[in-house]
1. Given the structure, is K21 under 12 Å from the mean Cα position of the chain (by Cα), among the basic types (K, R), surrounded by 13 or more Cβ atoms within 10 Å (Cβ to Cβ) and at pLDDT below 80?
2. Can you go through I38, I50 and tell me which one is touching a Lys or Arg at 6+ places or on another chain (Cβ under 7 Å) and at pLDDT 85 or above?
3. Are there any pairs, at least 6 apart or on different chains, whose C-beta atoms fall under 9 Å, with the first in the range 44-58 and of a type in the set (A, V, I, L, M) and the second surrounded by 12 or more Cβ atoms within 10 Å (Cβ to Cβ) and assigned to a loop (DSSP other than H, G, I, E, B), and if so, which?
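The values are calculated or read from the model by the stated rules, or taken from the named source; none is laboratory data. As the structure is a prediction and not an experimental result, all values here were calculated from the model. Here Cβ is always computed from backbone atoms with ideal geometry, including for glycine, and neighbour counts include all displayed protein chains.
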Amino acid sequence: MKDNGIGIALKDHHEIFAVFKRLDTTGKYEGTGAGLSIVKSIIDDHGGKIWVVSDTGQGSEFHFSIPKALEVQA
């Protein structure tokens, strides 16, 4: 997924996947800060990885990988 928003400074990339972590404290943007944490948790549960490519003023691009062969649990 890619957007053309405000972007995320490189120094903050590691923080955006923490639950309820909001980088913007001005209240200008909606959300609880839980969404990316939930997505990361699901991807982690499937043995995958998620990362962001972004910089301030450049928008953000989110990538993820999940192993091709997933073990089915009954």
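1. Yes, satisfied.
2. I50
3. Hits for this filter: I50/F17; V52/I8; V52/I16; V52/F17.
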